[in-house]
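Below is a structure I'd like to ask you about.
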Amino acid sequence: MEKKSNKSATLKYNQIKEKLKALILEEEIKPGEKMPSENVLSERYGVSRQTVRKAISDLVNEGYVYAVQGSGTYCSDASRFKKDSKDIAVVMTYLSDYIFPKVISGIDSVLSDNGYSIVLKHTNNSRTREIKCLEELIEKNIDGIIIEPSKSNVFCKHKDLYDKLDKYGIPYVFIQGYYSVMEDKPHVLMDDEKGTYLLTKYLIDLGHKNILGVFKSDDVQGQNRHKGYAKALADSGIAYDPENVIWFYTEDRAVHPYVNLQNMIRSGKEIDSIVAYNDQIAYHLIKALNELGVKVPEDISITGYDNSLTAGSSELRLTTITHPQQELGKIAAEMLLKMIRGEAVEKRVIIEPELIEGNSCKKKNK
């Protein structure tokens, strides 16, 4: 009997909550307007004050109303989120180059088939711009967000904006990274550690031992790719040497790896191969080597990552890791649609890497 009573009470407060929510969304109760008192609502709907209190508490947690101590409860600006706009925001670090157009294409193919339109934004991998994008989106009537976090390995100081999205019931999915403080939020990633493990092991199997690693330090991808590199060395009995790793940041990606590699070559440092953070960086490094008369793969083997359009655009084809860009976008979009429909989703989807063999690596003569 007690279970039945509890179930009945739950049904009642949910009914009251949905009725009040409907009044807010239909703007019969306007933003900033004081909500009817518990006594009034209790009499109006023929339920106890405790049931009303529970319904109001849920509405506060969902951002539809807010409480002012000693004054009462008021309708929140969150009422503007009707969640029926059929607009999805897609926030990427970059838009016009590299792998991003295909990721966006994958997202759009799923969303357009389901009647949704994309609101496209980019951050240029800047935290300041990400904050601005989120602030703008919170002011709009959007149904959800797919976001590639900026500098995902740097501590997130703007978690309050994501908390607002949670509060307002706006679902979001991270792609290609996530913030450590929000590891429990849905995200879609490549298995970057395994990918770079495969590349490093490939070089080791070709007889290379003096393997330089070049990694980006301010995103999760770079950290995980470094882990795969270090693990492959350890598993093969090769000592890890921090002097054999070049770290770079977003802002110095075009210069720092390039200059450091040239300085290493000029100093006579023994390098027989390079594991690069991605295909773009790999080609920057090849250019740096060519300027010094060092040939790839005759003198130094090199690998990329992402299997981008540039990876096979010249006679030198990079050995790289496939990046199913469109598939990643599709998975993220399908996940978000499930969340919008209130369906359960996996919090973490990991895409398996696959090594693509090019001609940028050569077996080392013993």
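Every number here is computed from the coordinates shown, using simple stated rules; none is lab data. Small disclaimer: the values here were computed from a predicted structure and weren't measured. Glycine gets a Cβ as well: all are built from the backbone with ideal geometry, and neighbour counts include every protein chain shown.
Under a Cβ-only charge scheme (Lys and Arg +1, Asp and Glu -1), can you give me the dipole magnitude of the stretch 223-321 about the Cα centre, in debye to the nearest 20? Intermediate results must be reported in sequence, preceding the final value.
Details: 9 positive and 13 negative charges, 28 e Å.
Computed charge dipole of the stretch 223-321: roughly 140 debye.
For n ≥ 4 DSSP H runs only, could you compute -39500 (n - 2.57) per run for the chain, divide by its residues and tell me the 222 nm figure to the nearest 500?
After summing the helix terms and dividing by residue count, I get -13000 deg cm²/dmol.
Below 8 Å between Cα atoms, with a sequence gap of 6+, how large is the relative contact order for the stretch 192-324 in percent?
Here the relative contact order equals 25 percent.
Can you match Rg/Rh (Cα atoms, Kirkwood Rh) to one of these, (i) 1.13; (ii) 0.94; (iii) 0.98, based on a calculation from the structure here?
Identified label for the calculated read-out: (i).
If you put +1 on each Lys and Arg Cβ and -1 on each Asp and Glu Cβ, how big is the dipole of the chain around its Cα centre, in Debye rounded to 20?
Once rounded to the nearest 20, the dipole reads 860 debye.
While we're looking at this one, here's another question. For the chain, what does the relative contact order come out to in percent, with C-alpha contacts under 8 Å and a separation of six or more?
Numbers: 667 pairs, mean separation 59.2, N = 366.
Relative contact order comes out at 16 percent.
About its Cα centre, what dipole magnitude does the stretch 68-172 give when the only charges are +1 on Lys and Arg Cβ and -1 on Asp and Glu Cβ, stated in debye to the nearest 20?
Here the size comes out at about 240 debye.
Follow-up question, since we're still on this one. Could you state the number of Å between the C-alpha centres of the stretch 251-271 and the stretch 133-163?
Measuring centre to centre over Cα atoms gives 35 Å.
Mind checking which of Gly304, Gly342, Gly195 has the largest fluctuation in a GNM of the chain, springs on alpha carbons under 10 Å?
Gly342
Mind telling me which of Gln176, Gln262, Gln50 comes out most flexible in a GNM of the chain, alpha-carbon contacts under 10 Å?
Gln50
Considering the chain as a Gaussian network with a 10 Å cut-off on Cα pairs, which listed residue, Ser152, Ser301, Ser48, attains the greatest mean-square fluctuation?
Result: Ser48 has the largest fluctuation of those listed.
Of the options Ala230, Thr320, Ala332, report the single residue whose Cα projects farthest towards the positive end of the charge dipole of the stretch 228-347 (beta-carbon charges: Lys, Arg +1; Asp, Glu -1).
Ala332
Using only the alpha-carbon atoms, how far is helix 279-291 inclined from the longest principal axis of the chain? Give it as 0 to 90 degrees, nearest 10.
For helix 279-291, the angle is close to 30 degrees.
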